[in-house]
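Below: the structure, in C-alpha cells.
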Amino acid sequence: MNILNNKNKNKRTSIFKALALCLFAAVSLTLVSCDDDMDIKQSYPFTVETMPVPNKVTKGQTVEIRCELKKTGDFANTLYTIRYFQFEGEGTLKMDNGITFLPNDRYLLENEKFRLYYTAEGDEAHNFIVVVEDNFNNSYELEFDFNNRNVKDDGVISVVPIGNFKPLTR
C-alpha cells in the first residue's frame with residue numbers, strides 16, 4: 001500500500017510541477033509583452049475656417065471676421081489661445097466677447113465658433129496675422145490683407161491660411 005501512495009504522491013508532484021511551470025511561463029510572457037509606453041493621443045491637428053471678408057476697409061470702418069475652429073480629434077484638456085501680429089497699417093482687433101487684443105499677447109479662446117472685429121485707424125494697407133495655438137504646440141495662422149493694391153478688386157477676399165507650424169523653441 002505504501003508503494004501505491006508513493007506513486008500517487010509522485011504523480012501529484014509531477015502534475016503540480018507541470019502546472020507551476022505553465023503558470024510561471026504564462027506570467028513571464030505577460031510581463032515581457034507589456035509596454036510601459038501607453039499610446040494615448042492628446043495632440044490633434046486643427047484648422048481655423050473663416051467666412052470671406054471685404055478686401056477694402058476705410059478709416060473707422062469695422063470688418064467682422066467669422067471664424068470656426070475645426071479639430072481632427074478632441075482631448076478634454078486641450079486649451080486654445082489666440083493672438084495677432086499687425087505688420088502693416090494701424091487698427092484694432094477685438095474678440096466677440098469685447099476683449100481688445102494687444103499685439104502678440106495670448107488670449108484664451110473659449111468657443112470653437114467666434115468672431116473677430118477689425119477696425120481700421122487709417123486708409124493705408126492693413127496686414128495682420130491671427131495665430132490660434134493649443135497647449136500641445138500646434139498652431140494655425142491666418143493672414144488678413146486689406147487695401148492692398150495686389151488684391152483683385154471684386155470686393156471680397158478669402159483669408160489666406162498660412163498653415164500649421166511649430167514655434168521655435170529656445
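The values are calculated or read from the model by the stated rules, or taken from the named source; none is laboratory data. Quick caveat, the model's predicted, so the values are computed rather than measured. Backbone-built Cβ (ideal geometry, glycine too); neighbour counts: all protein chains shown.
Here Y44 qualifies as at pLDDT below 95 and surrounded by fewer than 17 Cβ atoms within 10 Å (Cβ to Cβ).
Test D74 against the criterion of being charged (D, E, K, R), within 20 Å of the chain's Cα centre (by Cα), at pLDDT below 90 and not in a helix (DSSP H, G or I), and give yes or no.
On the way: charged (D, E, K, R): yes; within 20 Å of the chain's Cα centre (by Cα): yes; at pLDDT below 90: yes; not in a helix (DSSP H, G or I): yes.
Yes.
Strands (runs of 3 or more DSSP E) fully within the range 81-170 that include at least 1 residues being under 23 Å from the mean Cα position of the chain (by Cα) and at pLDDT 95 or above: 91-95, 107-109, 113-120, 126-134, 139-146. Quick one: V63 ticks every box in (1) modelled with pLDDT under 65; (2) in a strand (DSSP E or B); (3) among the hydrophobic types (A, V, I, L, M, F, W, C) except a single one, so which number is it? Condition (1) is where V63 drops out. Looking at the range 82-101, which of the residues that are without any contact (Cβ under 8 Å) to a residue 24 or more places away in the chain and loosely packed, with under 12 Cβ neighbours inside 10 Å is nearest to F46 (Cα to Cα)? Top of the filtered list is N97.
Annotation: of all residues in the range 117-137 being touching a Lys or Arg at 6+ places or on another chain (Cβ under 8 Å) and under 25 Å from N77 (Cβ atoms), the one that is surrounded by the most Cβ atoms within 10 Å (Cβ to Cβ) is V130.
For residues that are within 20 Å of D123 (Cα to Cα) and either aromatic (F, W, Y) or crowded, with 19+ Cβ neighbours inside 10 Å (or both), tally how many sit in the range 47-62.
Residues flagged as within 20 Å of D123 (Cα to Cα) and either aromatic (F, W, Y) or crowded, with 19+ Cβ neighbours inside 10 Å (or both) within the range 47-62 amount to 3.
Checked against the criterion of being in contact with a Leu (Cβ under 8 Å, 6 or more places away or on another chain), in contact (Cβ under 8 Å) with a residue 60 or more places away in the chain, of a type outside the set (K, R) and closer than 21 Å to D145 by Cβ, the range 110-124 contains one or more residues that satisfy it.
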